[in-house]
1. Quick check, is Val16 touching a helix residue (DSSP H, G or I) at 6+ places or on another chain (Cβ under 7 Å), at pLDDT 65 or above and farther than 23 Å from Leu95 by Cβ?
2. State whether one or more residues within the stretch 25-41 are small (Gly, Ala, Ser), surrounded by 15 or more Cβ atoms within 10 Å (Cβ to Cβ), modelled with pLDDT of 65 or more and under 24 Å from Leu83 (Cα atoms).
Amino acid sequence: MIKLLREDKLLTVLLVLLVLTAIGWIAGTGQYESVNPETILNGSEKSLGIFLLLLAFLKARLIIVHFMESQRATPVIRWLFELWVITSCISTIGLLYFF
């Protein structure tokens, strides 16, 4: 299994996406006593929202880079994509935090 994960990059990325989805689901629902979002994120609802948004943007970046093959694009397109992800993430979190 370890050898397969080392050789197959897409499988590794898929497993990372599944783990990030599970973390977001557990943190968002808060129904499990062993994982309490209030203790992880200091009890702030905005902090939980920011955490979930960061997870979402990280997952979007992984999907676009690995499954849409933007890593093979020209450097200009790749940098524009990275700039778009960072700008979108910062502006969305800024709107959530300040409003």
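1. yes
2. Taking the stretch 25-41 and keeping what is small (Gly, Ala, Ser), we get 27-28, 30, 34.
Filter again for surrounded by 15 or more Cβ atoms within 10 Å (Cβ to Cβ), leaving 27.
Adding the requirement that they be modelled with pLDDT of 65 or more leaves 27.
Right, trim to under 24 Å from Leu83 (Cα atoms) and you get none.
No - not one qualifying residue is present in the stretch 25-41.
The values are calculated or read from the model by the stated rules, or taken from the named source; none is laboratory data. Computed from a predicted model, the values in this text were never measured in an experiment. Please note: Cβ atoms are built from the backbone with ideal geometry, for glycine as well, and neighbour counts cover all protein chains shown.
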